[in-house]
Amino acid sequence: MKRRIGILTSGGDCPGLNAAIRGVAKASYHLFDAEFVGIADGYQGLIDGDYKEMKQDDFNGLLTLGGTILGTRRTPYRNMRKIEEDQVDKVAAMKKNYKKMGLDCLITLGGNGTHKTANLLAEEGLNVIGLPKTIDNDIWGTDVTFGFHTANDLATEVIDRIHTTANSHGRVMVIEIMGNKAGWLTLYSGVAGGADVVLIPEIPYKIEKVVESVEKRANKNRKFTIIALAEGAFSKDMSKMKRRERLTAIKEAGFSSNSFMLADHIQKATGLETRVVVPGHYLRGGSPSPYDRLLATQFGVYGAQLIKDENYGQTVAMINGKIGHNTLAEVAGITKFVPVDHQVVRAAKNMGITFGD
């Protein structure tokens with residue numbers, strides 16, 4: 001039986017997307033009679049009907065390629081049922097184009113927002129399967145997402161390299177790591193990179209505790225301090241504010257982000273030269289690590305098996321070290337936060353790393 005499969009990548013890009021696309025395609029061609037339709041720029045392509053027929057050769061050479069050959073865009077879930085200025089009913093348009101393409105199922109590669117929309121489409125009667133990607137590693141129900149391992153490698157390398165220049169100049173260095181809601185990437189790279197202070201969204205910090213840690217190192221003749229700060233980490237006072245209130249407070253204080261505001265406070269409180277490093281989208285780019293190539297391939301192959309079994313409304317996951325799946329309804333909209341007593345947090349604290357709490 002031939003199955004016609006639509007595939008899209010949505011949300012922020014990350015290493016491993018193309019490897020997962022390749023895994024789905026190669027396994028599908030091997031397991032059953034498959035046709036693929038590539039949908040451009042995530043759900044926006046599904047809304048607009050922007051797609052192309054794909055051939056088997058289109059999936060060659062993707063294993064090590066970063067980014068996504070399909071293109072991606074953020075189409076916020078909160079707006080999916082809103083009729084905006086263009087007067088387009090997005091849900092109706094996606095359902096219409098799904099049928100127009102003659103799809104038997106849709107594969108969606110993405111993070112939390114992507115999974116929420118995938119579940120919406122499943123509830124609307126479409127056959128959908130999700131593959132969990134994000135450098136934030138914050139999708140509920142899976143031990144790990146592809147993209148996280150590579151980003152952790154890159155973030156750790158940044159911290160490694162900052163050590164030498166921080167030591168040379170005797171500076172305090174605040175390194176802002178991506179992670180707006182969950183601190184997995186900052187926690188893992190911070191500990192792996194030997195940061196002295198790790199600040200994550202799940203553990204609001206006291207500024208005086210951070211300053212105290214910097215001063216303690218200086219008093220022990222430690223010439224420098226490395227602070228790994230998640231972009232979504234804030235002080236206890238600011239963590240009580242709404243997001244817009246925080247951004248306004250930071251802007252009114254004359255800073256572009258909390259990292260620069262914290263660095264300014266540390267320098268004024270200690271007298272030590274303090275600089276900020278923001279690797280930003282560097283962490284999303286380039287070829288996936290061997291681990292992520294393998295994980296993305298396994299996820300893709302498992303997704304193809306779900307298609308063969310006609311087991312739709314699922315998302316692939318790593319569960320207790322084994323590839324499996326969860327229903328979209330079980331995981332959509334649930335963020336996997338770092339537990340404050342996580343074993344890596346405990347290990348870090350036992351080594352004297354400060355979380356500012």
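The values are calculated or read from the model by the stated rules, or taken from the named source; none is laboratory data. If you're wondering where the values come from, they're calculated on a predicted model, not measured in any experiment. Note that each Cβ is placed from the backbone with ideal geometry, even for glycine, and that neighbours are counted across all protein chains shown. Only protein heavy atoms, including side chains, enter the accessible area calculation; ligands, DNA and RNA are left aside. Shrake-Rupley method; radii C 1.70, N 1.55, O 1.52, S 1.80 Å.
Assorted remarks:
- Residue within the stretch 57-77 that is part of a strand (DSSP E or B) and out of contact with any Asp or Glu (no Cβ under 8 Å at 6 or more places or on another chain) present: no
- Selection count where residues are open to solvent by less than 10 Å² (accessible area, probe 1.4 Å), part of a loop (DSSP other than H, G, I, E, B) and out of contact with any Cys (no Cβ under 9 Å at 6 or more places or on another chain), scope the stretch 133-159: 2
- The condition (being touching a strand residue (DSSP E or B) at 6+ places or on another chain (Cβ under 8 Å) and open to solvent by 10 Å² or more (accessible area, probe 1.4 Å)) is satisfied by just one residue among Glu252, Glu231, Glu245: Glu231.
- On the stretch given as the stretch 160-203, residues that are in a helix (DSSP H, G or I), touching a Ser or Thr at 6+ places or on another chain (Cβ under 9 Å) and surrounded by 24 or more Cβ atoms within 10 Å (Cβ to Cβ) total 2.
- Lone qualifier among Ala233, Ala228, Ala218 - being among the aliphatic types (A, V, I, L, M) and in a loop (DSSP other than H, G, I, E, B): Ala233
- Scanning the stretch 13-58 for residues that are in contact with a Leu (Cβ under 8 Å, 6 or more places away or on another chain) and acidic (Asp, Glu) yields one hit, Asp41.
- Checklist (1) surrounded by 15 or more Cβ atoms within 10 Å (Cβ to Cβ); (2) touching a residue at least 12 places away in the same chain (Cβ under 8 Å) applied to Leu294, failing item: (2)
- Only one entry in Lys99, Lys52 is in a helix (DSSP H, G or I), open to solvent by 20 Å² or more (accessible area, probe 1.4 Å), charged (D, E, K, R) and out of contact with any Cys (no Cβ under 9 Å at 6 or more places or on another chain), namely Lys99.
- For the stretch 267-283, a residue qualifies if it is part of a helix (DSSP H, G or I) and open to solvent by 20 Å² or more (accessible area, probe 1.4 Å), and the qualifying residues are Gln267, Lys268, Ala269, Thr270, His281, Tyr282.
- Top-ranked residue in the stretch 337-350 [being surrounded by fewer than 21 Cβ atoms within 10 Å (Cβ to Cβ) and touching a residue at least 24 places away in the same chain (Cβ under 8 Å); ranked as nearest to Asp33 (Cα to Cα)]: Phe337
- Hey, Gly286 surrounded by fewer than 18 Cβ atoms within 10 Å (Cβ to Cβ) and in a strand (DSSP E or B) or not: no
- Lone unmet requirement of (1) within 19 Å of Lys133 (Cα to Cα); (2) touching a strand residue (DSSP E or B) at 6+ places or on another chain (Cβ under 7 Å); (3) not in a helix (DSSP H, G or I) for Ala25: (3)
- Check on Ala25, among the hydrophobic types (A, V, I, L, M, F, W, C), out of contact with any Pro (no Cβ under 8 Å at 6 or more places or on another chain) and closer than 20 Å to Ser287 by Cα: yes
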